[in-house]
1. Could you list, in sequence order, all residues of region 122-147 that are outside any strand (DSSP E or B) and under 21 Å from residue 57 (Cα atoms)?
2. Here are some residues: 82, 38, 43, 61. Which one is in contact with a strand residue (DSSP E or B) (Cβ under 9 Å, 6 or more places away or on another chain), part of a strand (DSSP E or B) and closer than 27 Å to residue 270 by Cα?
3. Can you tell me which residue is surrounded by the most Cβ atoms within 10 Å (Cβ to Cβ) among those in region 153-192 that are farther than 20 Å from residue 113 by Cα and touching a strand residue (DSSP E or B) at 6+ places or on another chain (Cβ under 6 Å)?
């Protein structure tokens with residue numbers, strides 16, 4: 001079963017549980033038990049620095065639910081997807097959340113983009129009992145378990161743990177000098193904390209921690225800084241565009257290292 005199929009099945013299970021649970025129907029229409037239309041809110045970066053990463057999800061979401069509606073909807077209820085652009089900023093994300101919840105009366109959220117943005121709304125999702133798929137796969141959203149939060153893959157922390165295990169226990173790398181390249185965002189901070197934890201676990205010190213903006217169009221100074229450190233291995237915890245920018249300048253300036261990355265640097269758009 002593919003990852004996409006698992007996500008779809010989990011979503012349908014959530015909808016079925018909430019729609020047909022044992023909680024009695026209220027006099028006023030509850031977004032969790034709509035009479036005609038299930039409204040799903042999508043807050044995503046359409047025009048900001050991570051748009052290239054997040055926007056491919058929209059055609060998939062629209063196409064899938066168009067197919068669901070063409071087959072009669074979910075137990076006779078049609079699905080309406082309402083999309084808001086947060087430009088990868090927390091204030092716009094919160095404003096979009098309020099609009100979708102209090103004006104549009106959505107049942108749930110999908111593709112809530114950005115670790116920092118999602119983190120700011122966790123208390124509200126929990127308080128209002130709104131199910132949501134979070135794009136960010138940080139461990140902070142699933143451990144300890146949060147009943148209304150769902151993620152779509154391994155956590156960033158899991159990925160970095162796997163990278164270290166692969167380098168040290170599988171490849172048997174001796175005396176590695178491991179560096180990290182990441183953004184100065186909540187997503188990047190999660191990567192920094194996890195990389196430090198794993199380095200200490202194996203008795204290592206992080207050789208370099210270099211910050212590259214998600215909006216960067218070049219990485220010359222960052223690459224030259226790393227050349228002075230001369231790491232043997234570099235973990236790229238970046239988005240596809242910033243990852244490509246970094247690798248282009250790394251090649252230009254001859255930064256020779258063994259490169260390994262977390263999920264967003266391992267997708268086709270990176271190439």
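The values are calculated or read from the model by the stated rules, or taken from the named source; none is laboratory data. Keep in mind it's a predicted model, so treat the numbers as computed, not measured. So basically every Cβ, Gly included, is an ideal-geometry build from the backbone, and we count neighbours across all protein chains shown.
1. Kept after step one, since they are outside any strand (DSSP E or B), are these residues of region 122-147: 122-131, 135-147.
Correct list: 130, 131, 135, 136, 137, 138, 141.
2. On the way: 82 fails: closer than 27 Å to residue 270 by Cα; 38 fails: closer than 27 Å to residue 270 by Cα; 61 fails: part of a strand (DSSP E or B).
Exactly one residue qualifies, and that residue is 43.
3. So the residue we want is 181.
For (1) under 22 Å from the mean Cα position of the chain (by Cα); (2) surrounded by fewer than 17 Cβ atoms within 10 Å (Cβ to Cβ), each residue gets a yes or a no:
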position: 59; (1), (2): yes, yes
position: 66; (1), (2): no, yes
position: 88; (1), (2): yes, no
position: 97; (1), (2): yes, no
position: 108; (1), (2): yes, no
position: 117; (1), (2): yes, no
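Residues are listed down the side, and each one gets a yes or a no for (1) within 26 Å of residue 52 (Cα to Cα); (2) in the same structural domain as residue 53 (by TED's automatic domain parsing); (3) modelled with pLDDT of 95 or more; (4) within 16 Å of the chain's Cα centre (by Cα):
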site: 166; (1), (2), (3), (4): no, no, yes, no
site: 180; (1), (2), (3), (4): yes, no, yes, no
site: 213; (1), (2), (3), (4): yes, no, no, no
site: 231; (1), (2), (3), (4): no, no, yes, no
site: 240; (1), (2), (3), (4): yes, no, no, yes
site: 259; (1), (2), (3), (4): yes, no, yes, no
